Amino acid sequence: MSGRRFDAGGARIDRARTLSFTFEGRSHQGFVGDTLASALLANGVSVVGRSFKYHRPRGVIAAGAEEPNALMQLETGAHATANVPATRIALYDGLEARAVNCLPSAAFDVGEVNNVLARFFPAGFYYKTFFWPKWEFYEPIIRRAAGLGRAADQPDPDFYDNQFAHCDVLVVGGGRRDWLRRKRRPRPAHALSWPSKTPCSAEAYVGVRAKLTVSLAATGLHGLRPSYARCPLRAF
């Protein structure tokens, strides 16, 4: 596919200001006001991803957050961001993007062999096939083959005005009193407990700066400082 732009039109595009970016290691140019998707299409890049299972070539089919195919891996290192729709990425100078779920690139993906062998991979075949010698042997391979983007593997160096911390499960009541009670009367092995090395890990406190701080070390959320804690809060 060859790229083409209209000579005029496009109120959000400033054709006087050029931006350079890379996709799959190849350099391209776009304009201020472009999204990554529009810039790729204008540069003749039609294959921007691969299907989840059979790795069939996929292109841009939407213009907003509903775009299912053009999922991008942005940047590397601490600033890596995974699975962002290209239609939601405002183009900027120096942007580095790669398609997810393909190796080595979206244009040539070795995973497309799954499409050639599709007749041997019907829906649900893996529920009956990969149980010998054990599922754990195949699981890492399947996850790597069918996985999408990769999260950042380094701490985020940036600072933010607001931080929204979320966890799937928060255990309240696993604080000092509960810890002392367990020491006196151990719970059964199957009982729910707070998986932390510190006895006050589930206590909630109101800090001296009127901040509500909850220690969520066991959930992998860092940056919440128990040193702010002063007054125990017993009810939510």
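Read-outs: derived from the displayed coordinates by stated rules, not from any lab. Keep in mind that this is a model prediction, so the values were computed, not measured. Note that each Cβ is placed from the backbone with ideal geometry, even for glycine, and that neighbours are counted across all protein chains shown.
Sorting check: for 162-170, 112-120, which peptide has the highest mean count of neighbouring beta carbons within 10 Å, and how do the rest follow?
Values: 162-170: 8.6, 112-120: 11.8.
Highest mean packing first, the order is 112-120, 162-170.
With 0.36 nm allotted per residue and the present C-alpha distance subtracted, the Arg88-Asp161 stretch has 24.0 nm of extension available.
When the Cα atoms of the range 85-131 are aligned to their principal axes, the ranges along those axes come out at 48, 20, 18 Å in descending order.
For a quick protection proxy, order the peptides 79-90, 56-67 by their average other-Cβ count within 10 Å, most packed first. Write out the running numbers ahead of the final one.
Numbers: 79-90: 17.1, 56-67: 14.8.
The densest-packed peptide leads the list: 79-90, 56-67.
The equivalent ellipsoid of the range 25-131 has semi-axes of 29, 14, 13 Å, largest first, where each one is the square root of 5 times an eigenvalue of the Cα gyration tensor.
Between the range 126-166 and the range 6-52, what's the alpha-carbon centroid distance in Å? Cα centroid of the range 126-166 versus Cα centroid of the range 6-52: 30 Å apart. FRET efficiency for the Thr81 to Arg181 pair, using the beta carbon distance and R₀ = 30 Å, is estimated at 0.10.
Considering only Phe130, Phe108, Val84, the residue lying farthest towards the positive end of the dipole of the range 14-146 is Phe130, judged by Cα position with unit charges set on Cβ. Residue-wise HN-Hα couplings along the range 29-35, as the Karplus relation 6.51 cos²θ - 1.76 cosθ + 1.60 with θ = phi - 60° gives them from phi, are 10, x, 10, 4, x, 5, 8 Hz; Gly and Pro carry x. Label reach from Tyr54 (point 7 Å along Cα→C-beta): in the range 109-150, amide nitrogens under 14 Å belong to 112-124.
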